[in-house]
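Undergrad: One structure coming up, written as structure tokens, with questions to follow.
The values are calculated or read from the model by the stated rules, or taken from the named source; none is laboratory data. Just so it is clear, the model here is predicted, and its values are computed rather than measured. Cβ placement follows ideal geometry from the backbone for every residue including glycine, while neighbour counts extend to all protein chains displayed.
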Amino acid sequence: MGKYLETGKVSMKAQITYRFDVGVGSIIPFIRVFLAYALWKVLFAAKTEIGGMSFEMMMTYHLVASFLTRLDQSVNMVWDMAEEIREGRFSKYMVRPISPLGHFLAESLAKTLYILLVTLATVAFLAVVMRRILVPPSSLANLAGACLMGFMGLVFLSLLNYLTALLAFKFNDITGWHIMKNNAVDFLAGALVPLSLLPAWIQDVMRFFPFYYVYYYPASLYLGLKTEQFVTGLIVMALWIVLLWGLSVIVYHRFRRIYEGVGN
């Protein structure tokens, strides 16, 4: 465990070095909140509720979803890992007494921790500016549940992004795969619009898949919605995390056999 903690510390120091980039990056995702405000303000002009949410709840939903989206740092690490594989620098992970997957997760979570501290300031500022159109957490229990589910969602995304990076063993350019995956995750996880706007039968099916619990469910739980699905969500997420963990190990050991370590 010590070597993974050291990996996290190095990653944290790297984030501190580029404070300006991190600061700007912590603001940009929340531009989506203001765009959502302009859109939903028009849609709510003739309605008081859409998808089971009031205007205030909808804006709070987008703020929480944007916050969780920003916390996922593994999505940017895919490019770095893919480049290391293409250029032959990935060999360093094969000769070190450390798991590539463990290294990836430790670095990802360390970056997330630092971004969390920085982004909280942005969220606090927006909460003050938009206090009249935001709602507080429904309860401390629901807030704690949302945090737990959000953490599990980050672990799931890290494993998914690790698997995406491993495609560089087989493909010279994984840009298309990565972009398609990102767009699919944003939609299926509810980062673009709440999943409550979809037909009921689609929501029922999606409850068996992890994306439902990545952004949409933590934000809904924060608002006091869908609370009866909490235990089911924990079980579903735990099963998918175990599945992706095992798949990551299998795929890595299969691909490493064809890796020449000389780059392109």
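Undergrad: In the list ALA45, ALA65, which residue meets the criterion of being outside any helix (DSSP H, G or I) and either closer than 27 Å to ILE115 by Cβ or modelled with pLDDT of 85 or more (or both)?
TA: ALA45
Matching residues to (1) surrounded by fewer than 19 Cβ atoms within 10 Å (Cβ to Cβ); (2) more than 13 Å from the chain's Cα centre (by Cα); (3) aromatic (Phe, Trp, Tyr):
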{"residue": "TRP177", "(1), (2), (3)": "yes, yes, yes"}
{"residue": "ASP186", "(1), (2), (3)": "yes, no, no"}
{"residue": "VAL205", "(1), (2), (3)": "yes, yes, no"}
{"residue": "TYR213", "(1), (2), (3)": "no, no, yes"}
{"residue": "PRO218", "(1), (2), (3)": "no, no, no"}
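Undergrad: In the set MET81, MET94, MET77, MET58, which member is farther than 30 Å from LEU192 by Cα and of a type in the set (A, V, I, L, M, F, W, C)?
TA: MET94
Undergrad: Could you name every one of the helices (runs of 4 or more DSSP H) located completely within the stretch 75-176 that has at least 3 residues being of a type in the set (Gly, Ala, Ser)?
TA: Where helices (runs of 4 or more DSSP H) fall fully within the stretch 75-176 and carry at least 3 residues being of a type in the set (Gly, Ala, Ser), they are 100-129, 140-166.
Undergrad: Moving on to the next point. Listed residues TRP245, TRP240; which is in contact with a Pro (Cβ under 6 Å, 6 or more places away or on another chain), over 30 Å from ILE133 (Cα atoms) and either at pLDDT 90 or above or not in a helix (DSSP H, G or I) (or both)?
TA: The conditions single out TRP240.
Undergrad: Looking at TYR114, is it crowded, with 17+ Cβ neighbours inside 10 Å and over 26 Å from ASP186 (Cα atoms)?
TA: Here the answer is no, as TYR114 does not meet what is asked.
Undergrad: Only residues in the stretch 97-110 that are closer than 14 Å to ASN161 by Cα and buried (at least 16 other Cβ atoms within 10 Å of the Cβ) count as the first member; pair them with residues that are modelled with pLDDT under 85 and not aliphatic (A, V, I, L, M), Cβ under 6 angstrom, at least 6 apart or cross-chain, and list the lot.
TA: Partner pairs satisfying both residue conditions: PRO100/TYR93; HIS103/THR7; ALA106/TYR4; ALA106/THR7; ALA106/GLY8; GLU107/THR7; GLU107/SER11.
Undergrad: Test LEU192 against the criterion of being modelled with pLDDT of 95 or more, of a type in the set (A, V, I, L, M, F, W, C) and surrounded by fewer than 18 Cβ atoms within 10 Å (Cβ to Cβ), and give yes or no.
TA: no
Undergrad: Inspect all residues belonging to the stretch 248-262 and state whether any of them is over 22 Å from VAL75 (Cβ atoms), in contact with a helix residue (DSSP H, G or I) (Cβ under 9 Å, 6 or more places away or on another chain), part of a helix (DSSP H, G or I) and at pLDDT 95 or above.
TA: No, the stretch 248-262 contains no residue that is over 22 Å from VAL75 (Cβ atoms), in contact with a helix residue (DSSP H, G or I) (Cβ under 9 Å, 6 or more places away or on another chain), part of a helix (DSSP H, G or I) and at pLDDT 95 or above.
Undergrad: A follow-up question, please. If I ask for residues that are under 14 Å from TYR61 (Cα atoms) and surrounded by 12 or more Cβ atoms within 10 Å (Cβ to Cβ), which ones from the stretch 123-141 would you list?
TA: Within the stretch 123-141, VAL123, LEU126, ALA127, MET130, ILE133, LEU134, VAL135, PRO137, SER138 qualify.
Undergrad: Sticking with this structure for a sec: Looking for something touching a residue at least 12 places away in the same chain (Cβ under 8 Å), among the acidic types (Asp, Glu) and surrounded by 18 or more Cβ atoms within 10 Å (Cβ to Cβ) - is there at least one such residue anywhere in the stretch 75-88?
TA: Scanning the stretch 75-88 turns up no residue that is touching a residue at least 12 places away in the same chain (Cβ under 8 Å), among the acidic types (Asp, Glu) and surrounded by 18 or more Cβ atoms within 10 Å (Cβ to Cβ).
Undergrad: Considering the stretch 142-173 alone, what residues qualify as being farther than 22 Å from ILE235 by Cα and without any contact (Cβ under 8 Å) to a residue 40 or more places away in the chain?
TA: PHE171, ASP173
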